[in-house]
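The values are calculated or read from the model by the stated rules, or taken from the named source; none is laboratory data. In this text, all values refer to a predicted model and were calculated from it rather than measured experimentally. Cβ placement follows ideal geometry from the backbone for every residue including glycine, while neighbour counts extend to all protein chains displayed.
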Amino acid sequence: MKDTPGWASPGSAPSDGQEPGTSGSAEPADRPDSAQQPGPDPQGGDSKWSKEQPPPAQWSAPTGQQPPGQSPPPPPPGQGWGAPPPPGPGGYGGGHQGYGPPGGHGAWGSGWGGPPPAAKPGVIPLRPLGVGEILDGAVSTMRTHWRTVLGISLTVAVVTEILVILLQGFVLNDRTSTEALNDPSATISELARATRDALLSSSLIFLISVVGAIAATALLTTVTSRAVLGKSVTTGEAWRDARPQVLRLFGLLFLLLLMTFGVVILGALPGILVAASGSGDGGAALAVLGTLGAGIVALWLWFRFSLASPALMLEKQGIMKSLSRSAKLVRGSWWRVFGIQLLAMVIANIVAAIVVIPFTFLGGAVSGEGATSFLDGTTDFGWTFLIISGIGSVIGSMITFPISAGVTVLLYIDQRIRREALDLELARAAGLPAQGTDTRGS
């Protein structure tokens, strides 16, 4: 049998270049373990075989097969399941130890340890990521490129907090009041007005915070994408890369907010119409139920399109194309995307609260009236309280912005690795040698 080069089939004689049927011995005549049987010299010359030969029962075939009627010999002492196989002719069972029993060198139990580890040129390995690796990658980006990351976060946080303080001090303090919520004798109309003011105040502050978070994500997307490749980027480079897409990014933000609040309003609209027609209690109940149902739909839509921002920034796509890309990447993985982003949000807000709460009580202690307003849940805050608590909010935002932006970008990269083999493109972009095997997981 003519064997394939580099490979010896079990039970066959080693290939030495002779075709089947050719004459001549494949083994040297004087090889001590040759299978030739002793016999008289056909030429009548001196025989090279000794006259004293062992009994036939002690002979074994060179291929490791036993003669008919003979049982295999017992294994040598000390050779157990995990030991490598004994040497055999032609290299089968010996020499290259990868074809041995489990537990030995090169066997399934120890020598073969699975596929090679994925390359890691930057903050994450180039393969599908786990939850801990995504969070660790976001923190590692902030720690490795702290000058750029904290510079961007500080700038966005300061601008955002200045807008919040001015809105709170000049508008909300004078035009909103939530004191009726703490008054047991308040009428239904007063409670409704206080609830409306509280929702309006919270919504405006939340809107400004979301705008700041999106702006930080836009600038930090470039930093995180370069950190994946093990490359650094300055604040100026990040801005030059993000500037052509900033207007589209805010258009995307406006569309997402319009879609989210529009769904909630549509859900509450039937209850509002019923209440306006004269059935107050039924309308209120219907409005609450409609708002809850619409809120679930709005939440589903928000996370379905949550990867549109990095898609827009990194792929240089338009608004609708980015929404389509996000929907495609999230399809079938909504719960995973939701869970990871929710976990990152909870962690970031807990860390930020550890910083913000002491500044809030410090501002209340310094201003006096601010502390009372804060503890009573009212919106009438003094300027001293707003400024001191704003400083704490800036420090907290410097922590939350990089974590939330990093998790969003790394989650986008992870989904593309899982669906589109982006790890191969990233490896080439990082200047790594081509991988022999696909490192994607299930």
Give me the pairs: first residue in the stretch 144-160 and touching a residue at least 12 places away in the same chain (Cβ under 8 Å), second residue among the basic types (Lys, Arg), beta-carbon distance under 9 Å, and six or more apart or on different chains, which are they?
-> 145/226; 149/143
Counting only residues that are hydrophobic (A, V, I, L, M, F, W, C) and at pLDDT 90 or above, give me the helices (runs of 4 or more DSSP H) lying completely in the stretch 362-442 with at least 3 of them.
-> 383-420
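Test residue 262 against the stated conditions and say whether it is in contact with a helix residue (DSSP H, G or I) (Cβ under 6 Å, 6 or more places away or on another chain) and small (Gly, Ala, Ser).
The answer is no for residue 262.
Considering the stretch 135-171 alone, what residues qualify as being under 22 Å from the mean Cα position of the chain (by Cα) and among the hydroxyl-bearing types (Ser, Thr, Tyr)? Outline the logic, then answer.
Kept after step one, since they are under 22 Å from the mean Cα position of the chain (by Cα), are these residues of the stretch 135-171: 135-146, 149.
Selection gives 140, 141, 144.
Table: residues versus (1) in contact with a helix residue (DSSP H, G or I) (Cβ under 7 Å, 6 or more places away or on another chain); (2) part of a loop (DSSP other than H, G, I, E, B); (3) closer than 20 Å to residue 385 by Cβ; (4) at pLDDT below 70.
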site: 170; (1), (2), (3), (4): no, no, yes, no
site: 184; (1), (2), (3), (4): no, yes, no, yes
site: 201; (1), (2), (3), (4): yes, no, yes, no
site: 204; (1), (2), (3), (4): yes, no, yes, no
Residues located in the stretch 310-357, provided they are under 23 Å from residue 251 (Cβ atoms) and outside any helix (DSSP H, G or I) = 316, 317, 318
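Scanning the stretch 267-316 for residues that are without any contact (Cβ under 8 Å) to a residue 60 or more places away in the chain and of a type in the set (D, E, K, R), which turns out surrounded by the fewest Cβ atoms within 10 Å (Cβ to Cβ)?
Looking at residues that are without any contact (Cβ under 8 Å) to a residue 60 or more places away in the chain and of a type in the set (D, E, K, R), I get 281.
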Selection from the stretch 241-251 of residues touching a helix residue (DSSP H, G or I) at 6+ places or on another chain (Cβ under 9 Å) and more than 18 Å from residue 211 (Cβ to Cβ) yields 241
Given the residues 233, 211, 264, which is the only one that is surrounded by 17 or more Cβ atoms within 10 Å (Cβ to Cβ), outside any helix (DSSP H, G or I) and touching a residue at least 24 places away in the same chain (Cβ under 8 Å)?
-> 233
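Residues checked against (1) modelled with pLDDT of 90 or more; (2) surrounded by fewer than 17 Cβ atoms within 10 Å (Cβ to Cβ); (3) at positive phi:
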residue: 107; (1), (2), (3): no, no, no
residue: 115; (1), (2), (3): no, yes, no
residue: 119; (1), (2), (3): no, no, no
residue: 122; (1), (2), (3): no, no, no
residue: 132; (1), (2), (3): yes, yes, no
residue: 135; (1), (2), (3): yes, no, no
